[in-house]
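Worksheet for the structure shown next.
The values are calculated or read from the model by the stated rules, or taken from the named source; none is laboratory data. This is a predicted model, so every value here is computed, not measured. All Cβ positions, glycine included, derive from the backbone under ideal geometry; neighbour counts span all protein chains shown. Note: areas computed on protein heavy atoms with side chains; ligands, DNA, RNA excluded. Shrake-Rupley method; radii C 1.70, N 1.55, O 1.52, S 1.80 Å.
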Amino acid sequence: MKQLLEKLFRGQEGNILLLSLILTFLLTVFIIICYIIDVNFANKITGIVFSNILVGRVPALSFGYAAQLSHFIVIGVNIITEMILVTTIYSLFVSSFKGIVKIKVLEAFFKEVQEQKQKHQKKFDKYGKFGLFIFVFIPFWMTGPIVGAIIGFLIGIKHYSIIFIVFISTTIAIALWGIFLQEIINTLLIFDSHFVWIVLFILLLALLIFRFKDFIYEKVKKIFT
């Protein structure tokens, strides 16, 4: 165990894993303090975090604005949550790539990333770091900070450069999405706050079904066979 930990926290990828633990600790402490001061506010923060992890930034941002939280809180919590995901999964991927650990749960995801890397190989070869920035920035399926960070490693960009590019691109993307979604939510709130939550619930449900469609299909298949 000691040797494994030494290998995991060795080098730049080890520092990135350490950064993920620090960010996780700080976010956890912040949420705990919020629960001590204001349970309702803390529940909203927790809702943003889990929405981002389960279904992505757009539902998480929408949830935050529907809960009538400020730009600073909604955008800040989403940025920290995504950077925790990026730094954790990126460092684990590098360790898996080097044969230090084997993570069965993430193998299918890593395979999909490899396919995305091959698909966009020419663009990355041509545009390099700028291509990585755009790949992280654009809001399409199987693009984004986690996939972008891993592809950045696969095409040979240095670890710290990857995390810096991903952080800047993610921050800008979330800020722009935040401004756009706040206007939409504010418009909907004029009509009826219950209507906003119904729309948000339907959106979250649809995204959850889409994200876990393979798992749901297998379960349904077993029931009827």
Given a Förster radius of 25 Å and the C-beta distance between I32 and T171 as r, what FRET efficiency does 1/(1 + (r/R0)^6) yield to the nearest 0.05? 0.50
Determine how large the accessible area of H71 is when every protein chain is in place; take a 1.4 Å probe and give Å² rounded to the nearest 10. 60
First measure r as the distance between the Cβ atoms of I103 and L18, then evaluate 1/(1 + (r/R0)^6) with R0 = 22 Å and state the FRET efficiency to the nearest 0.05. 0.75
